[in-house]
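Visitor: Before I ask anything, here is the structure I am working with.
The values are calculated or read from the model by the stated rules, or taken from the named source; none is laboratory data. The structure presented is a predicted model; accordingly, all values stated were derived computationally and were not measured. Glycine gets a Cβ as well: all are built from the backbone with ideal geometry, and neighbour counts include every protein chain shown. SASA here: full protein model, heavy atoms, side chains in, ligands and nucleic acids out. Shrake-Rupley method; radii C 1.70, N 1.55, O 1.52, S 1.80 Å.
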Amino acid sequence: MVISLNIPTPTQEIQVGKRNLYIKRDDLIDSDFSGNKARKLHYYLHNQFPKVKKLVSYGSAQSNAMYSMSVLAKMRDWEFDYYVNHIASFLIENPHGNYAEALKNGMNIIVGEMPNIADDTVLQIEEGGRVADACYGLEILANEIIDWQKSNQIDNLNIFLPSGTGTTALFLQKYIKDYATVYTTPCVGDATYLKEQFYMLETNEEMHPVIIEPQKKWHFGKLYREHYEIWIKLHKETDLEFDMLYDPIGWQVLLGSDIKDNILYIHQGGLLGNTSMRARYERKYKDLYEDFKNR
Ligand SMILES: *Cc1c(COP(=O)(O)O)cnc(C)c1O
């Protein structure tokens, strides 16, 4: 069975503040897979794994990657064991978002460390889909962008996307090197952490994206007024919903940078994870929410 994605995804023009930019709608890639996780897992959708019976991974109990892997396992009829350090008791009592959907897809969630399994019936994927096999789907993404650039005669393209593990940004830069510069910003650790991630996947530094450091130190997953403000601003000005973990950082960094022209922002999906984030933001910054709701 080959599972097909809605590719190539469309590219559209938007205006944010005074800037005109393009946006690659990878959030539309599939109704069940989340944006860039679909790109990173594309390899496992397009190839056959006759020996594999089980998928094993680890990470946080709310991650987009966990949810996407649960979809993959369900489609492939594999078992799915997912290891976490910890699950919040609130989440256990009130399952929602990625966690609830992954459980519905049959995920076995296990508190503990992922064992090292040497067994060819088991497919092990690193946290967040940080795998060399991700290059398969990201080369396809790069080629979609190159085709679009050629048919619209756009040279010197500046691509921007926020990073977690950096896998998406790294492979995109590698395959699009002759056509565009990829800029990214770390959302999970700092620039040093992100650089280390790049080196784990590619030792040739010429293939690495350009890292722009955020002006402020934010803790991943925490709520910040300025994140909610920019998320609302984007919603109002573009009519698009962005993810609430990575994109608020990405947009603040991009809009504060001196990249002004020929910008393509990659919308990497992740909207299922917004259900819990939205409720938390609405409670915490009621004034902003009231204003947004009544617009
Ligand atoms: C996972 C994810 C990222 C980070 O992707 P990496 O390849 O780990 O850098 C960014 N945005 C969204 C919406 C995601 O779900």
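Visitor: Listed residues 260, 216, 222; which is in a loop (DSSP other than H, G, I, E, B), under 20 Å from residue 24 (Cβ atoms) and away from the ligand (no atom under 16 Å from the Cβ)? If you could, list the steps in order and put the result at the bottom.
Guide: Numbers: 216 fails: under 20 Å from residue 24 (Cβ atoms); 222 fails: under 20 Å from residue 24 (Cβ atoms).
The match here is 260.
Visitor: Then there's this: Being out of contact with any Lys or Arg (no Cβ under 7 Å at 6 or more places or on another chain), away from the ligand (no atom under 16 Å from the Cβ) and modelled with pLDDT of 95 or more: is that true of residue 117 here? Spell out how you get there, then give the answer.
Guide: On the way: out of contact with any Lys or Arg (no Cβ under 7 Å at 6 or more places or on another chain): yes; away from the ligand (no atom under 16 Å from the Cβ): yes; modelled with pLDDT of 95 or more: no.
So residue 117 does not fit the description; no.
Visitor: Something else about it: From 254, 234, 272, grab the single residue that is more than 26 Å from residue 171 (Cα to Cα) and buried (at least 16 other Cβ atoms within 10 Å of the Cβ).
Guide: Details: 254 fails: more than 26 Å from residue 171 (Cα to Cα); 272 fails: more than 26 Å from residue 171 (Cα to Cα).
The unique qualifying residue is 234.
Visitor: Let me ask something else. Could you list, in sequence order, the residues of region 136-182 that are in a helix (DSSP H, G or I), open to solvent by 70 Å² or more (accessible area, probe 1.4 Å) and not polar (S, T, N, Q)?
Guide: The answer is 136, 139, 147, 150.
Visitor: So which pairs qualify, if the first residue must be in region 222-233 and over 10 Å from residue 252 (Cβ atoms), the second must be surrounded by 14 or more Cβ atoms within 10 Å (Cβ to Cβ) and of a type in the set (S, T, N, Q), the Cβ gap must be under 7 Å, and the two must be at least 6 apart or on different chains?
Guide: Listed pairs, sorted by first residue: none to list.
Visitor: Residues in region 188-200: is at least one surrounded by fewer than 14 Cβ atoms within 10 Å (Cβ to Cβ), away from the ligand (no atom under 16 Å from the Cβ), at negative phi and assigned to a loop (DSSP other than H, G, I, E, B)?
Guide: No: region 188-200 contains no residue that is surrounded by fewer than 14 Cβ atoms within 10 Å (Cβ to Cβ), away from the ligand (no atom under 16 Å from the Cβ), at negative phi and assigned to a loop (DSSP other than H, G, I, E, B).
Visitor: Please give the number of the condition residue 268 fails out of (1) away from the ligand (no atom under 13 Å from the Cβ); (2) modelled with pLDDT of 95 or more; (3) polar (S, T, N, Q).
Guide: Result: residue 268 passes all but (1).
Visitor: Then there's this: Taking the stated definitions as given, is residue 79 in contact with a Gly (Cβ under 8 Å, 6 or more places away or on another chain), closer than 28 Å to residue 267 by Cβ, surrounded by fewer than 24 Cβ atoms within 10 Å (Cβ to Cβ) and of a type in the set (Asp, Glu)? Working first, answer last.
Guide: Working: in contact with a Gly (Cβ under 8 Å, 6 or more places away or on another chain): yes; closer than 28 Å to residue 267 by Cβ: no; surrounded by fewer than 24 Cβ atoms within 10 Å (Cβ to Cβ): yes; of a type in the set (Asp, Glu): yes.
It is false that residue 79 is in contact with a Gly (Cβ under 8 Å, 6 or more places away or on another chain), closer than 28 Å to residue 267 by Cβ, surrounded by fewer than 24 Cβ atoms within 10 Å (Cβ to Cβ) and of a type in the set (Asp, Glu).
Visitor: Does residue 204 satisfy the condition of being over 15 Å from the mean Cα position of the chain (by Cα), open to solvent by less than 70 Å² (accessible area, probe 1.4 Å), more than 13 Å from the ligand (Cβ to nearest atom) and of a type in the set (S, T, N, Q)? Step through it out loud before you land on a result.
Guide: Working: over 15 Å from the mean Cα position of the chain (by Cα): yes; open to solvent by less than 70 Å² (accessible area, probe 1.4 Å): yes; more than 13 Å from the ligand (Cβ to nearest atom): yes; of a type in the set (S, T, N, Q): yes.
It is true that residue 204 is over 15 Å from the mean Cα position of the chain (by Cα), open to solvent by less than 70 Å² (accessible area, probe 1.4 Å), more than 13 Å from the ligand (Cβ to nearest atom) and of a type in the set (S, T, N, Q).
Visitor: Here is a follow-up. Would you mind stating whether residue 37 is in contact (Cβ under 8 Å) with a residue 12 or more places away in the chain and within 25 Å of residue 251 (Cα to Cα)? Even if it seems obvious, please write down each step before you answer.
Guide: Details: in contact (Cβ under 8 Å) with a residue 12 or more places away in the chain: yes; within 25 Å of residue 251 (Cα to Cα): yes.
Spelling it out, residue 37 is indeed in contact (Cβ under 8 Å) with a residue 12 or more places away in the chain and within 25 Å of residue 251 (Cα to Cα).
Visitor: With respect to the numbered conditions (1) at pLDDT below 95; (2) surrounded by fewer than 23 Cβ atoms within 10 Å (Cβ to Cβ), which one is the sole condition not fulfilled by residue 64?
Guide: Residue 64 satisfies all of (1) at pLDDT below 95; (2) surrounded by fewer than 23 Cβ atoms within 10 Å (Cβ to Cβ) except (2).
Visitor: Give 109, 176, 146, 140 a once-over and let me know the one that is more than 16 Å from the ligand (Cβ to nearest atom), out of contact with any strand residue (DSSP E or B) (no Cβ under 6 Å at 6 or more places or on another chain) and of a type in the set (Val, Ile, Thr). Spell out the reasoning first.
Guide: Details: 109 fails: out of contact with any strand residue (DSSP E or B) (no Cβ under 6 Å at 6 or more places or on another chain); 176 fails: more than 16 Å from the ligand (Cβ to nearest atom); 140 fails: more than 16 Å from the ligand (Cβ to nearest atom).
After applying the criteria, what remains is 146.
Visitor: Evaluate region 145-154: report whether one residue or more is more than 25 Å from residue 63 (Cα to Cα) and of a type in the set (Ser, Thr, Tyr). It would help to see each step written out before you state the result.
Guide: Let us first name the residues in region 145-154 that are more than 25 Å from residue 63 (Cα to Cα), namely 145-154.
Narrowing the set further to residues that are of a type in the set (Ser, Thr, Tyr) leaves 151.
Yes: region 145-154 contains one or more residues that are more than 25 Å from residue 63 (Cα to Cα) and of a type in the set (Ser, Thr, Tyr).
Visitor: In region 47-54, is there at least one residue being open to solvent by less than 50 Å² (accessible area, probe 1.4 Å), of a type in the set (A, V, I, L, M, F, W, C), assigned to a helix (DSSP H, G or I) and away from the ligand (no atom under 16 Å from the Cβ)?
Guide: No, there is no match, as no residue in region 47-54 is open to solvent by less than 50 Å² (accessible area, probe 1.4 Å), of a type in the set (A, V, I, L, M, F, W, C), assigned to a helix (DSSP H, G or I) and away from the ligand (no atom under 16 Å from the Cβ).
Visitor: Of all residues in region 12-32, which are closer than 20 Å to residue 273 by Cα and free of Cβ contacts under 8 Å to residues at least 60 places away in the same chain?
Guide: If the condition is that a residue be closer than 20 Å to residue 273 by Cα and free of Cβ contacts under 8 Å to residues at least 60 places away in the same chain, then 28, 30, 31, 32 are the ones that fit.
Visitor: Cβ-Cβ below 8 Å, separation at least six or inter-chain, first residue in region 75-93 and outside any loop (DSSP other than H, G, I, E, B), second open to solvent by 60 Å² or more (accessible area, probe 1.4 Å) and of a type in the set (Lys, Arg): which pairs?
Guide: Close Cβ pairs (under 8 Å, with a partner that is open to solvent by 60 Å² or more (accessible area, probe 1.4 Å) and of a type in the set (Lys, Arg)) amount to 79/53; 80/74.
Visitor: Let me ask another. Could you look through region 20-46, keep only residues that are farther than 19 Å from residue 131 by Cα and in a helix (DSSP H, G or I), and pick out the one that is farthest from the ligand (Cβ to nearest atom)?
Guide: Checked region 20-46; the qualifying residue farthest from the ligand (Cβ to nearest atom) is 28.
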